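First the structure, in the form of structure tokens, and then the observations on it.
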Amino acid sequence: MIYHRKPDWLIRENLVTDETLFLNRRNLMAGFGAGTGLAMLGQAVDAAVPEAPFTPVPSLNAGFADAGRRVTVESITSKYNNFYEFGSSKRISAEAQKLSTDDWVIQIDGMVDKPFQIGIEDLIKRTGIEERIVRHRCVEAWSMVVPWIGFPMAKLVALAKPQSGAKYIRFETFMDTKVAKEQKAAWYPWPYVEGFTMAEATNELAFMVVGAYGKVLHKQFGAPLRVHMPWKFGFKSIKSIVKVTFTDKRPVGFWESLQKKEYGFWANVNPAVDHRRWTQATEKPLDSDDRIPTQIFNGYGAQVAHLYDGMDDLGDRLWR
Ligand code: MTE
């Protein structure tokens, strides 16, 4: 992956909004509609930043109301993305608008009682939604805090009814070279794939995302459905999902198949194990010039550490 230590725009855009302002804005949107809220904050209208508020307004999960750091403002996170289908720079937000999310259907198959397809709206109706404010740590050592809207991955698993022999869940991104030009590049193993053990998939932290910042999901964030695993490096959080497969074979992720010594299956955030080309001991929040210490499991160890009991280096040794 291309690693930008200090992107040039960061200095200019280093105006931070704290969490209180974000929450006020959330209330504004709920009360007066998105247009009013955005106008009052003076945010420029930008095609890459959707204005459609998520309806109904999701309730904030009290267990994820405070990420311990301020929410990173939308104007920063929506302009600094990894979505290689649309290019290898961080500035793919405009290009990603080419993705049409109309009539989006997700295929559920593999070791399930009955394979089926489900439209994204139907899926959301079946699972319900909530909001969670969580930390995100990219393997490239930048980080952010985002208020995601979505539902626990465990609800998707329950809906799919996997057979008892299923050991892993495998996700696949759309494949369309007309829309995503980078998918013509034969040196990448398209489509993007990621996977987790069933224990990881049903952990309370595993989240399926359909919105952010009170709005329907931005295309550059991986609309209309992406994963977010807050204790793992960001490349595990696969975007724009079209297929969910239950299997007894460990899925090989997109980056893992390119370079397994740098981007392994487990990819748990671990400050003690450096990337081969840079330190993982610290990270740079997108809205700051200063680096901060990286926490084991990105600070979510209480919820997930037990999943890796007895595993050397949280499984990292497997990919070194
Ligand atoms: N999913 C797909 N389909 N394609 C990608 O290139 N990049 C991953 C992950 N999911 C990626 C993806 C990486 S490396 C990171 S850090 C996060 O998405 C970035 O999410 P963000 O752009 O919403 O910050």
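Does segment 271-311 hold any residues that are charged (D, E, K, R) and either at pLDDT below 95 or not in a loop (DSSP other than H, G, I, E, B) (or both), and which are they?
Scanning segment 271-311 gives D274, R276, R277, E283, K284, D309.
Residue count for segment 167-204 satisfying the condition of being within 14 Å of the ligand (Cβ to nearest atom) and either hydrophobic (A, V, I, L, M, F, W, C) or under 16 Å from the mean Cα position of the chain (by Cα) (or both): 15. Could you go through segment 157-173 and let me know if any residue there is open to solvent by less than 10 Å² (accessible area, probe 1.4 Å) and of a type in the set (D, E). No: zero hits. Answer with yes or no whether T55 is closer than 27 Å to A141 by Cα and either in a loop (DSSP other than H, G, I, E, B) or modelled with pLDDT under 95 (or both). So T55 fails the test. F64 falls short on exactly one of the conditions (1) under 30 Å from G264 (Cβ atoms); (2) of a type outside the set (D, E, K, R); (3) at pLDDT below 95; (4) more than 14 Å from the ligand (Cβ to nearest atom), and that condition is (3). Within segment 80-103, the set of residues being open to solvent by 60 Å² or more (accessible area, probe 1.4 Å) and part of a loop (DSSP other than H, G, I, E, B) comprises R91, K98, S100, D102, D103. Can you confirm whether F207 is near the ligand (Cβ under 10 Å from one of its atoms) and crowded, with 23+ Cβ neighbours inside 10 Å? Taking the combined requirement at face value, the residue does not satisfy it.
From I133, I106, I76, grab the single residue that is in a strand (DSSP E or B), surrounded by 14 or more Cβ atoms within 10 Å (Cβ to Cβ) and within 16 Å of the chain's Cα centre (by Cα). Give the steps one after another, and end with the answer.
Values: I106 fails: within 16 Å of the chain's Cα centre (by Cα); I76 fails: in a strand (DSSP E or B).
Matching residue, one of I133, I106, I76: I133.
Do the conditions hold for V252, that is, is it part of a loop (DSSP other than H, G, I, E, B), within 28 Å of S164 (Cβ to Cβ) and hydrophobic (A, V, I, L, M, F, W, C)? So that I can check it myself, show each step before the final result.
Details: part of a loop (DSSP other than H, G, I, E, B): yes; within 28 Å of S164 (Cβ to Cβ): yes; hydrophobic (A, V, I, L, M, F, W, C): yes.
Here the answer is yes, as V252 does meet what is asked.
Across segment 144-157, not a single residue is classified as more than 21 Å from V269 (Cβ to Cβ), assigned to a loop (DSSP other than H, G, I, E, B), in contact (Cβ under 8 Å) with a residue 12 or more places away in the chain and within 16 Å of the ligand (Cβ to nearest atom). Please count how many residues of segment 229-244 are within 7 Å of the ligand (Cβ to nearest atom) and among the β-branched types (V, I, T). Of the residues in that region, 1 qualify.
Being under 13 Å from G150 (Cβ atoms), without any contact (Cβ under 8 Å) to a residue 60 or more places away in the chain and among the aliphatic types (A, V, I, L, M) is a property that M198 lacks.
Scanning segment 113-130 for residues that are under 16 Å from I241 (Cβ atoms) and not in a loop (DSSP other than H, G, I, E, B) yields F116, Q117, I118, G119, I120, E121, D122, L123, I124, R126, T127.
Could you check segment 219-228 and list, in sequence order, the residues that are near the ligand (Cβ under 10 Å from one of its atoms), touching a helix residue (DSSP H, G or I) at 6+ places or on another chain (Cβ under 6 Å) and either at positive phi or in a loop (DSSP other than H, G, I, E, B) (or both)? Step through it out loud before you land on a result.
Narrowing segment 219-228 to residues near the ligand (Cβ under 10 Å from one of its atoms): 220-222, 226-228.
Now drop any that are not touching a helix residue (DSSP H, G or I) at 6+ places or on another chain (Cβ under 6 Å), which leaves 220.
Within segment 219-228, no residue meets the criteria.
For the criterion of being out of contact with any helix residue (DSSP H, G or I) (no Cβ under 7 Å at 6 or more places or on another chain) and basic (K, R), K90 passes.
Within segment 185-194, the set of residues being surrounded by fewer than 24 Cβ atoms within 10 Å (Cβ to Cβ) and not β-branched (V, I, T) comprises A185, A186, W187, Y188, P189, W190, P191.
The values are calculated or read from the model by the stated rules, or taken from the named source; none is laboratory data. The structure displayed is predicted, hence computed values, not measured ones. Every residue, glycine among them, receives a Cβ derived from its backbone with ideal geometry; neighbour counts consider all protein chains shown. Accessible surface is based on the protein model in full, side chains and every heavy atom, while ligands, DNA and RNA are left aside. Shrake-Rupley method; radii C 1.70, N 1.55, O 1.52, S 1.80 Å.
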